[in-house]
Amino acid sequence: MNRIFSLIILFLSIQNFVFGQDTLSTVNLEEIRITGTPYQKYAAGSKIQRIDSALFASQISGSLAGLLQAATPVYIKEYGSGMLSSISFRGTGASHTAVLWHGININSVTVGQSDFANIPLFLFNEVALQYGSASSLYGSDAIGGTVHLGTKESDFDYFKLDVKQEFGSFGRFFTGIGGSYRRNKFSGTTKIYRYQSENDFPFQNTAKPGSTVEKQTNAAFVNLGALQNLNYSWNNRQNLELEAWYQSSRRELQPSMVNLKNTDQQKDENFRLVVAYNKTLKSGNIRAKAAYLYDYFLYNQSFITTSQSLIASLRYEHDFSEKLSLNTGADWRRVLGKSDNYATNNAENRNDIFLSLRYNPFPVWSLNLNARQAFVTGFNAPFAPSIGSEWQLLKTDHQQLILKNLLGRSYRIPTLNDRFWTPGGNTELLPEEGYNLESGFSYTYQDKNVEVNSEAGIYQQWIDNWIIWVPMGSYWRPENVRKVHAHGIEWSGKISSKQKKFNWMIGGNYSYTRSVNQKGLNEYDQSVGKQLPYTPLHTASAYGRASYKAWNWINQVSYTGYRYTLADNSDFLEGYALVNTSIGYQPTLGEGKILVSVGIRNIFNKAFQNVNNYAMPGRNYQLSLTYNLTK
Amino acid sequence: MRFEIKSLILFLVLFTFFFTGCAPDKEVLTPSGKYESGIFVTNEGNFSDSDGSVSYYDTDSSKVYPDIFAAENNREINGLIQLIRMHEENAYIITNVADKIEVVQAGTFTSVASITPSDTSELQNPVDFAAVGDKGYVANWGPVNAAFGPDPQSFITILNLNNHTISDTIQLPVRPQQMLAVGNKIYVAGSSSNLVYIIDAQSDAIADSIEVSKAPYSFTIDKNGKVWVLCTGDFMAPEGNLVRINPATNAVEATILLTGQSPNGKTAINGSGDQIYYLTSTGYNPSTDQVFALPIDATAVSTDPVVSGSNFYGIGINPENNELLVADNNAFQGNGTVIVYQSDGTKIRDFSVGRAPSGFLFR
């Protein structure tokens, strides 16, 4: 019982006990316009999945956690409805996915991961997943995959306004206002939203004698966020951009159904600011960036953890010819962490130098060579190279088939908590290291009315020195104990059709993920050779949308296979399929458009648990009103 | 159906004894005693899953029965188990996270009562149980934040064991750990202090306190009826002490410094009551967990452990054969293991149990 005190906070802040899980894919050959991040150009061989914009729009009042569950087979581990949501990409853990905003990793430096429930879709308009290791491009954390967040509004001439109000079951209210404007050389976007929920949904309490129906307690939350983007373009060769993002979340922490009397709560605040300057030269370009990140975490109004990062980045890209491009530069990051659970404040430098080459020996063949070396205070960070290739096997007017191959090395620098938590922090930890090997085919078909994308691939991944917290006497302490081999198959595809009055699209994802621990703590460790906990073997999702004149309908199914809850696979949670649907009517109203939509989530009222003993809502409803004006 | 089989067995047993004229043994006294002659293994469970369970090791057949509470009651305990204590015919399963006491008939493990509080002032983070007659006493940490602060809101819950209801509470000035009933007194280890509190089971009030050493945690009674208090020390002063108290006078008779050893609070005593075993950990770099034995007439500790290893989470001594049982929690990564040693530290066997095994109850 002595361990409980420190464990409660650890449990909230670190999910290393329980590794997480993963998955899949889609090809999109369109260049993804995410400012200052030329990730597609030097990412040959990587599978990049861009989330369908209509699906994105249908979930806009929610968080990235909900969207990824609906539109990708990545596994999101959710500690209750709207609560801490961590990602597992390709059978890796919650800290093994980099989340990039303007190309900057925003994973918390104290806990080493992002809470996907605290990334609101409303402030963004684009999300792309890059599968597999990309440490050679993005540095630490990009082991299982990378999530790119995009904020650039471009589909307007000089003014755009979005106003959204949503009402839902269990006291859910969402209000969001967003405006974009352009005048001469100047443009900007302002967005603000508030999302709250009582979250007092009924559920059958299977943890209590008699399995009575109870109401969820202590799960209310209020999220607020605002984003401001300003852009000044001298001409189309030179621009300066500033973006600020404020995020606040006050949450009661939904207790497990074992103890509904628990009243724990937490507050998170994040402030992120970036200034970027881009200049296109005769045969290349320069990008300079400065950023400041601030994270604040308050647990039960008594334990505070804050961290700050100051970042500067400079890169230069040179196109020697149509066949050969080079991208090189350096990142500098100063990290400062403070916590009631650290003995001292901790400051360190994380500097990187990198070089990327893109070479097209033949028109049908692209090759990438990337390399990155990080220099972190107190660490020998691994050298992270990668080689990627894309071979166009088939190219006709309408069709294209590409063979992709990628081999890369990845790593993760241990978090501040891993090293400085008192008691238990381990300053002798080594970075986690991985190798990733993958191969896949990407097929596209496109004609006037129909577009088809399909991408299938296989991968293998080896991760060594995987850190987990293990009890050492009276304390828990992180150690480089696990060695994990993950491999799997991924498929994703979609078909869309555009006609005069009738548009439709269907798409789907599937992934098979086998992620196995290879190393035991001692002779009694029964987890060797077993699937990692909270790593479903199978995940799948399918979605469809259709619109006819002013009507539209979206339906979406996601399946999460059974997951072991324990490392020795002695217990598991059953798999579940969830079906959501919504129907909307969008007449034109003067110069603008108004959308009225009614949605039903978990339409079959499936009782399920994502995490053991955490209740999730059954069937629930929402009504939303959106006004959109574009000039 | 089960009842009918039990009745049939009862009938046959009685019938046999009736005609053979042997003296009845405990089989006859408790004919439904499925769990009469073995070892209960307490599996604490993992905090986030609250999946505590009880395994039963049948010493005759060497067979392990997992999660016998669920097997007998068709539901899980759904709590983190702190300890299981016997009183008369019942076993009291003290759980937190769920903050409840599950009461089962020890022989059958069928539920007698599930004592749940109406609010957190009645039961919150309970850690131990002791009983005198028809009164039960449960030590509670109270709210965790306060329990580790300067002003713990810890308390004792008094249970009426006739109807298994909560009848009263007593405030405690310190964070408690284990308890022991001696005669009409309840000893409470005040682990956030250096005091053992004594509760008078007549008046249900704190009657006295005894100064021992830093962080008293658990109790053992030796063959002379003396009470031994294991004091764990704390983060700043990690060496522990074993303190002997004369329960007749409440006087401290001996204090033995566990030189260079950091006990985690788990103790056991051998069948003849003259050798105390305790579990220690070196912390980390490297982390070694060790079991030491201290003869009750010793004046200094032994530096040679009986056994060493890692992830040791609980110990027990089988009073019938003095076998040493060590519970290995396998770092909470899944189910645990019980390793059985001879009293000289020679390994005999091991068997798998539930998640995070932490202690034993010998029947």
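The values are calculated or read from the model by the stated rules, or taken from the named source; none is laboratory data. The model shown is predicted, which means the values in this text are computed figures rather than measured ones. Positions of Cβ are generated from backbone atoms using ideal geometry, with glycine treated the same way; all protein chains shown enter the neighbour counts. What goes into the accessible areas is simple: the full protein's heavy atoms, side chains included, and nothing from ligands, DNA or RNA. Shrake-Rupley method; radii C 1.70, N 1.55, O 1.52, S 1.80 Å.
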Mean projection of the alpha-carbon convex hull of the stretch A:300-453 over all orientations, in nm²?
14.0
Could you tell me which of the pairs A:191/A:289; A:152/A:631; A:41/A:279; A:160/A:279; A:47/A:77; A:185/A:593 are separated by over 20 angstrom between their Cα atoms in the structure shown?
A:191/A:289; A:160/A:279; A:47/A:77; A:185/A:593
Straight distance only, please: which aspartates and glutamates reach the Cα of residue A:282 with their own Cα at less than 19 Å, same-chain residues fewer than 8 apart left out?
A:317, A:319, A:322
Shape call, the protein assembly as shown: gyration tensor on alpha carbons, a/c limit 1.5
prolate
Averaged across the residues of A:522-530, what count of C-beta atoms belonging to other chains lies within 10 Å of each residue's C-beta?
5
In 10 Å bins starting at zero, report the fraction of Cα pairs in the stretch A:554-631 per bin as a rounded %.
16, 32, 23, 16, 10, 3, 0
Over the protein assembly as shown, what percent of the accessible surface lies on carbon and sulfur atoms, probe 1.4 Å?
55
5 Å is the cut-off here: which amide hydrogens, built 1.01 Å from N in the peptide plane, fall below it relative to residue A:108, excluding neighbours closer than 5 in sequence?
A:113, A:114
Whichever lysines have a C-alpha closer than 30 Å to that of residue B:63, once near sequence neighbours (fewer than 8 apart) are set aside:
A:208, A:519, A:530, B:6, B:26, B:34, B:100, B:266, B:347
Over chain B, the sum of -39500 (n - 2.57) across DSSP H runs of at least four, divided by residue number and rounded to 500 deg cm²/dmol, gives at 222 nm -2500 deg cm²/dmol
Taking amide H positions as placed 1.01 Å from N in the peptide plane, with prolines and chain starts having none, which residues 5 or more places from residue B:82, or on another chain, fall under 5 Å of its amide H?
B:94, B:95, B:96
In terms of Cα to Cα distance under 18 Å, which aspartates and glutamates are near enough to residue B:214, apart from those fewer than 8 places away along the same chain?
B:151, B:234, B:239, B:253
Which is the longest part of chain A that has none of the GluC sites (Glu not before Pro) sitting in a DSSP loop with at most 16 other Cβ atoms within 10 Å?
A:32-197
Within the stretch A:277-382, chymotrypsin sites (Phe, Trp or Tyr not before Pro) in DSSP loop having at most 13 other beta-carbon neighbours inside 10 Å:
A:320
The stretch A:243-278 and the stretch A:584-606: distance between their alpha carbon centers, rounded to Å:
28
I need the phi-derived Karplus couplings for the stretch B:186-197: 6.51 cos²θ - 1.76 cosθ + 1.60, θ = phi - 60°, integer Hz, Gly and Pro marked x.
10, 8, 10, 6, x, 5, 8, 9, 10, 10, 10, 8
Note, ³J(HN,Hα) from phi for the stretch A:506-521, Karplus 6.51, -1.76, 1.60, rounded to Hz, x at Gly and Pro:
10, x, x, 9, 9, 9, 10, 10, 10, 10, 10, 6, 10, 9, x, 6
Translational diffusion coefficient (Stokes-Einstein; Kirkwood radius from C-alpha pairs) of the stretch A:468-615 at 4 °C, 1.567 mPa s, in µm²/s:
68
Quantify how much of the Cα-Cα distance distribution of the stretch B:250-298 extends past 12 Å, in percent.
68
Determine the per residue accessible area of chain A with all protein chains present and a 1.4 angstrom probe, expressed in square angstrom.
38
Please report the equivalent ellipsoid semi-axes of the stretch A:234-330, computed as sqrt(5 x eigenvalue) of the Cα gyration tensor, largest first, in whole Å.
45, 15, 12
Summarise the partner chain shielding of A:295-302 as one whole number: the mean count of Cβ atoms from other chains within 10 Å of each residue's Cβ.
1
